[in-house]
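The values are calculated or read from the model by the stated rules, or taken from the named source; none is laboratory data. These numbers come from a predicted model, not from an experiment. Note that each Cβ is placed from the backbone with ideal geometry, even for glycine, and that neighbours are counted across all protein chains shown.
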Amino acid sequence: MSRLDELSIEEASRRLASREISSRELTEACLARIEVTEPKVGSFLEVTAQLARQQADDADRRLAATGTRTSDTTALTGIPIALKDIFLTKDVRTTCASRILENFIPTFDATVVARLRRAGAVLLGKLNMDEFAMGSSCENSAMQLTRNPWKLDRVPGGSSGGSATCVAAHQALGSFGTDTGGSIRLPAAFCGVAGIKPTYGRVSRYGVIAFASSLDQVGPMASTTRGAALLLQTVAGKDPLDSTSIDAPVPDYAGAIGTAPTVKGLRIGIPREYFVEGLDADVEAAVRAAIGKLQDLGATIVEVTLPHTEYAVATYYIVATAEASSNLGRYDGVRYGRRRGEEQGLRDMYGESREQGFGAEVKRRIMLGTYVLSAGYYDAYYSKAMRVRTLIRRDFEQAFERCDVIATPTAPATAFEIGSRTDDPLKMYLSDILTISVNLAGLPGMSIPCGLDSAGLPIGLQLIGKPLDELTLLRTAAAYEDSCHWHRVSAELKP
Ligand code: GLN
C-alpha cells in the first residue's frame, strides 16, 4: 500500500513508532486527500489544517525525543483523526450542524477531546451530522449535504454521517461520533467502516452536546476493528465530570485482541425477530454468510428471541424526544448561538431565535417530546415507554443467558438515495429499527463490513454484547476481519 492516507491506524502507529514515516507526512497526506475529495463528499464543516500541522509537529517531537515508545507517546500519537461537530472543542467552532449554534466557539474541550489531545492525536477538523444528531441520513444538517463515497447519489447514513465518510474516503484515519439510536452503527454500515457504540456510561459525555441523555453514547469509527479499539481505549473510562460514566477498568482492547483472535467456543445468538420481512435479500444473504464464517471459525450458533423488538421504535421516539425537548430548552439566543427578534422584547426574542435557529426535524422532536411529557399524557406515553424499555432490557438479559454475543444485520437495507425519505419521517425512523433496542438496553453494539449488495454498496454486520463486554465484540469482529477482505475494499467516489 503506497498512499499514507490509506493506512489503518495500527499500521500508521507502527510506522510512526519506528520513524519510517512522520506525523507531518501522514497529516499532509490526509489534508491533500481532503482537498481533492471534499468537493465530492462534503464530510467536513471545518478543516483545522493549521492546528493539525501544529499538532503533527508536536507529535513528531514527542516521538523523536523518546526514540522508542515511552510514557510520553501512545499508540495514537501523531494519528490524524476528525470529530463529529457535536464534541466541544476549545477555540474551534462547534455547531452541531444547527443554525442556532452557527457562531458558537466553546471555551473548553469535551473530556473525549481532552483525552485525545493528551494522547497526541492530530485533529483534522469537525464533521457534518444531522442537526443535533436527529436523523439517519445526514440530510437534516442545516449546513450541507454529505454524500456516500461508494455512490455519490446515496446518503452516508446518520446522524454521524461525516464521521463515516471521512474514514471511508480516507480523509482521516479514524473519527468519533455519537450513537443515541444507531448513529454510529448505521453510517458505519452504509459506508463500509467499523464503528462501535460502547456500553452506556463507558465513555464520558462531558462536553458532548446532549440529545437524549439516557441514550447518548460516544464511540469511534475506523477502517479496521483494531483501529477502532485503539481509539476506544484512549477515551473510555470514568470521568469525574460525568456522573453517569462508569467506574470500571478499561482493558487494553487492542493488546487483548492480539494477532490471532479466536471465536472458538463462543456462543453467538441469532435473534429471530431481526430476520423478518422487509429485510433486503442481499443484506440477509451477506449477514448469514458472515455468521456461517464465524461458525467455521469455531463459534456455536444458537437461536435466541427478543420478543419486545416490535415496540422498540415507538418506545425510542417517546423517550428520545422527551429528553430532547428538555435538553434543547437551553437554546434561547441568550447565552450562545443565534439571536433574533431582540427589538420586540424577551419573549419574542426567545421565540424568534428558536423559530429561525432550529430546522424542521428538531422542531418536530421538541413538539413531540413536550407532548408526551405534558400533564394528562405523561402516563399514557412517557411512563408507559419507560416500562416497555425495561421489558426490552430484560429480553437481552435473558438472551445473554444462552449466548455471549448477538449477531444481526445493522440495517434492513443498504444506503438509500438522497432525498428518497426526507418527506416521510416515519420511513426515515425505520432505518434504525435494528439498532435502537441496543441503546434502550444500554448495551455495546458494533457494525463491521461484511459484503456488498448488487449495486456495490456496503453491508454491515451488527454485533451486540453484554454490558461492559466491548472486548468480546472487538475480538469477534477482529477474528471475522482476519478471515475476510471486506474491510480492505475501498470506496471509489463514483457517481
Ligand atoms: N436516527 C435516530 C434518530 O433520528 C438515531 C439518531 C442517533 O443515534 N443520534 O433519533
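Computed quantities for the displayed model
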| item | result |
| --- | --- |
| Of all residues making up the range 295-319, the number that are buried (at least 19 other Cβ atoms within 10 Å of the Cβ) and either basic (Lys, Arg) or touching a strand residue (DSSP E or B) at 6+ places or on another chain (Cβ under 6 Å) (or both) | 3 |
| Single residue of Thr410, Thr370 found to be polar (S, T, N, Q) and more than 18 Å from Tyr274 (Cα to Cα) | Thr370 |
| Selection within the range 264-303 - more than 24 Å from the chain's Cα centre (by Cα), assigned to a loop (DSSP other than H, G, I, E, B) and farther than 15 Å from Leu463 by Cβ | Lys264, Gly265, Val276, Glu277, Gly278, Gly298 |
| Check on Thr146, assigned to a loop (DSSP other than H, G, I, E, B), surrounded by 24 or more Cβ atoms within 10 Å (Cβ to Cβ), within 16 Å of the ligand (Cβ to nearest atom) and at pLDDT 95 or above | yes |
| Residues of the range 169-228 satisfying the condition of being in contact with a strand residue (DSSP E or B) (Cβ under 7 Å, 6 or more places away or on another chain), near the ligand (Cβ under 9 Å from one of its atoms) and part of a helix (DSSP H, G or I) | Arg185 |
| Filter result (touching a helix residue (DSSP H, G or I) at 6+ places or on another chain (Cβ under 7 Å) and under 20 Å from Ser183 (Cβ atoms)) within the range 96-123 | Cys96, Ala97, Ser98, Ile100, Val112, Leu116 |
| Neighbours by Cβ (under 7 Å, 6+ apart or cross-chain): first from the range 180-191, within 11 Å of Met221 (Cβ to Cβ); second more than 7 Å from the ligand (Cβ to nearest atom) and in a helix (DSSP H, G or I) | Pro187/Gly161; Pro187/Ser163; Pro187/Ala164; Ala188/Ala164; Cys191/Ala164; Cys191/Thr165; Cys191/Ala168 |
| Yes/no for Thr321 being under 24 Å from the mean Cα position of the chain (by Cα) and in contact (Cβ under 8 Å) with a residue 40 or more places away in the chain | yes |
| Thr73 being in a loop (DSSP other than H, G, I, E, B) and modelled with pLDDT under 95 | yes |
| Residues (surrounded by fewer than 16 Cβ atoms within 10 Å (Cβ to Cβ) and within 16 Å of the ligand (Cβ to nearest atom)) located in the range 340-372 | Ala360, Lys363, Arg364, Met367 |
| Residue in the range 126-149 that is farther than 29 Å from Ser213 by Cα and in contact (Cβ under 8 Å) with a residue 12 or more places away in the chain present | yes |
| Test for Arg267: is it modelled with pLDDT under 95 and not β-branched (Val, Ile, Thr) | no |
| Checking Asp395 against (1) at positive phi; (2) in contact with a Pro (Cβ under 7 Å, 6 or more places away or on another chain), the condition it does not meet | (1) |
| Subset tally (residues that are among the charged types (D, E, K, R) and either under 30 Å from Gln144 (Cα atoms) or free of Cβ contacts under 8 Å to residues at least 12 places away in the same chain (or both)) for the range 42-66 | 3 |
| Filter result for Asp432 (within 30 Å of Leu152 (Cβ to Cβ), within 16 Å of the ligand (Cβ to nearest atom), surrounded by fewer than 20 Cβ atoms within 10 Å (Cβ to Cβ) and of a type outside the set (Ser, Thr, Tyr)) | no |
| Residues (of a type outside the set (Gly, Ala, Ser) and within 16 Å of the ligand (Cβ to nearest atom)) located in the range 312-339 | Val313, Thr315, Tyr316, Tyr317, Ile318, Val319, Thr321, Glu323, Asn327, Leu328 |
| Residues (more than 15 Å from Ser326 (Cα to Cα) and among the small types (Gly, Ala, Ser)) located in the range 336-374 | Gly337, Gly341, Gly345, Gly351, Ser353, Gly357, Gly359, Ala360 |
| Top-ranked residue of the range 161-181 - restricted to ones that are under 15 Å from Ile86 (Cα atoms) and hydroxyl-bearing (Ser, Thr, Tyr), ranked as nearest to the chain's Cα centre (by Cα) | Thr178 |
| First in the range 282-305 and on the phi > 0 side of the Ramachandran plot, second anywhere and outside any strand (DSSP E or B), Cβ under 9 Å, 6 or more apart | Gly298/Thr262; Gly298/Val263; Gly298/Lys264; Gly298/Gly265; Gly298/Leu266; Gly298/Ala479 |
| Selection count where residues are within 16 Å of the ligand (Cβ to nearest atom), part of a loop (DSSP other than H, G, I, E, B) and of a type outside the set (Gly, Ala, Ser), scope the range 97-136 | 4 |
| Qualifying residue in the range 345-358 (condition: within 25 Å of Leu426 (Cβ to Cβ) and within 24 Å of the chain's Cα centre (by Cα)) | yes |
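Residue-by-condition table, conditions (1) among the hydrophobic types (A, V, I, L, M, F, W, C); (2) surrounded by fewer than 22 Cβ atoms within 10 Å (Cβ to Cβ); (3) more than 17 Å from Pro39 (Cα to Cα); (4) within 12 Å of the chain's Cα centre (by Cα):
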{"residue": "Val112", "(1), (2), (3), (4)": "yes, no, yes, no"}
{"residue": "Arg118", "(1), (2), (3), (4)": "no, yes, yes, no"}
{"residue": "Met134", "(1), (2), (3), (4)": "yes, no, yes, no"}
{"residue": "Asp153", "(1), (2), (3), (4)": "no, yes, no, no"}
{"residue": "Ser159", "(1), (2), (3), (4)": "no, no, yes, yes"}
